[in-house]
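Peer 1: Submitted below is the structure of interest, expressed as structure tokens.
The values are calculated or read from the model by the stated rules, or taken from the named source; none is laboratory data. From a predicted model like this one, the values you see are computed outputs, not experimental measurements. Virtual Cβ from ideal backbone geometry, glycine too; neighbours counted across all protein chains shown. Just the protein is used for accessible areas: all its heavy atoms, side chains included, with ligands, DNA and RNA removed. Shrake-Rupley method; radii C 1.70, N 1.55, O 1.52, S 1.80 Å.
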Amino acid sequence: MTDTDTQLEKSDLILGYMPLSDSLPLLVADTQGYFEAEGLHVELQQEVSWANIRDKVLVGHLDGAQMLAPMLLATHLGLGGLKKAMMTPFAFGLNGNAFTISRSLGKQLDANSPEHVLAGDAVAAGKALKQVIKARRSCGDQPLVFATVYPYSIHNLLLRDWLAASGVDPDQDVTLVVLPPSQMVDHLSLSHIDGFCAGAPWNSVAIQKNVGECLLTGPDLWRSAPDKVLGLTQEWANAHPNTTLALVRALDKATVWLDENRNAAGTLLAEAIHVPIAAALPALVGEFIYRTGETKQQQPDMLIFHRSLANYPWQEHGCWFLKQMQRWGWVSSALDCEEVVSHCYRTDLYHQALQLPTLLEGTQLSLDHSEEWQLEGIVMSPTAFTYRR
């Protein structure tokens, strides 16, 4: 292999991110010098909404970005905006989200359940919520309003799946709206919404301001839920193959660092997105408080950055997203999900960048593991949905 074979096609990059805990792989790769070690000079640009990120990547104002995985697939199919071939060679991690509700709704749920449901039990919480919705309807009250961060997001798709499994029609029994994650707490405090599903640290911000209570964390619903990825247009990645591989290597080093330096990561995040460090830490260190005044609960998988092959762009995750979109009638039932995902989830580039043992290639991910399990000698976190039992 010659120097020409590995020479970066572009070294000065602009990458976008949202003010969320799972933007940390980008922040760490920058501050720890992992981008620089790969010959990359990266300017990180914080954005205000996911649509903003999508549009800037499509027009080339951003070389790439932290991106919602379902948004990447939707953009590839032309849903919700322009159609552009997209791809990802790297996932930013697993989990990190939570469903936080107003204190008022929390009291209504408590009154309609024989058990204390605000403790992460997805089945009990679903039953209680269904009772509240039924009671509100009989009184002629307006439907509850829940916010997610983007239509094509794990937040929206997972919330809809859990609601449906609980006997709540997400299109008829509640109103779902879209808001930027950093504005969720303000809208909850103003009673514009009754709850929101968003990434860390905004759930802890709401709890610590005493305007919200966490009903369910992401792992309370899906033990190892996929979320953000490195989003690139296929045009950009094809024009910059060596740069794409360098990005994967830098981000991989950053996620290794993150799994070993959670407190330092909290300080970095608090400074970058201007939140109290007390709000930045719970999801990072896995000690989460659901309700003000309650004791911390251990949630070691609240946000996984590297372990359990968290950065592998599993095509099974992409297929789950697309099949949910089919379920809700957003894409044709005739769509070949596996075919689409094979073009968008570039496991081959992940392998090429990190030179992983070839035995992992072609391995399929089962979403039925309710306990820790082994994959080719690697300890994997549970992958099952908790409310499907």
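Peer 1: When the chain is treated as a GNM, springs tying every alpha-carbon pair under 10 Å, which of GLY167, GLY96, GLY218 comes out with the largest mean-square fluctuation?
Peer 2: The residue that fluctuates most here is GLY167.
Peer 1: Normalise the Cα radius of gyration of region 165-267 by 2.2 N^0.38 Å (N = residues in it) and let me know the number.
Peer 2: Cα-based Rg divided by the globular estimate yields 1.44.
Peer 1: With a ≥ b ≥ c taken as the square roots of the eigenvalues of the C-alpha gyration tensor of the chain, please select rounded if a/c is under 1.5 and otherwise prolate if a/b is larger than b/c or oblate if it is not?
Peer 2: prolate
Peer 1: Right, here's the next one. Below 8 Å between Cα atoms, with a sequence gap of 6+, how large is the relative contact order for region 165-223 in percent?
Peer 2: Taking the mean separation of contacting Cα pairs over the length of region 165-223, I get 24 percent.
Peer 1: Can I ask one more? With 22 Å as the cut-off, how large is the P(r) tail for region 296-389, expressed as percent of Cα-Cα pairs?
Peer 2: The calculated P(r) of region 296-389 puts 40 percent of pairs beyond 22 Å.
Peer 1: Mind running the shape call on region 220-334? Use the C-alpha gyration tensor, a ≥ b ≥ c as the square roots of the eigenvalues: rounded below 1.5 for a/c, prolate if a/b tops b/c, oblate otherwise.
Peer 2: Note, shape of region 220-334 comes out oblate.
Peer 1: So what is the accessible area of the chain per residue, in Å², with the probe set to 1.4 Å?
Peer 2: I get 40 Å² per residue for this part.
Peer 1: Going by the alpha-carbon gyration tensor, a ≥ b ≥ c the square roots of its eigenvalues, is region 316-358 rounded (a/c under 1.5) or, if a/c is not under 1.5, prolate (a/b greater than b/c) versus oblate?
Peer 2: Prolate, because a/c is 1.5 or more and a/b exceeds b/c.
Peer 1: Under the definition of Cα pairs under 8 Å and six or more residues apart, what whole-number percent is the relative contact order of the chain?
Peer 2: After rounding, I find 24 percent.
Peer 1: What is the distance in Å between the Cα centres of region 313-389 and region 1-40?
Peer 2: If we compute the Cα centre of each part, the gap is 25 Å.
Peer 1: Now, a different point. Counting only C-alpha contacts under 8 Å and six or more residues apart, can you give the relative contact order of region 10-131 as a whole percent?
Peer 2: 21 percent
Peer 1: Sorted by mean Cβ packing within 10 Å, highest first, what order do the peptides 41-48, 379-386, 134-141 take?
Peer 2: 379-386, 41-48, 134-141
Peer 1: With a Cα-only, solvent-free Debye model of region 24-134, what are the log10 I(q)/I(0) values at q = 0.09, 0.12 Å⁻¹?
Peer 2: -0.44, -0.68
Peer 1: Right, here's the next one. Length gain on complete extension for the stretch LYS10 to SER370, per 0.36 nm per residue less the alpha carbon to alpha carbon distance?
Peer 2: The LYS10-SER370 span can extend by a further 125.2 nm.
Peer 1: For the chain, what are the DSSP H helices with axial Cα length of 27 Å or more and mean Kyte-Doolittle hydropathy of at least -0.5?
Peer 2: The answer, listed by residue number, is 241-260.
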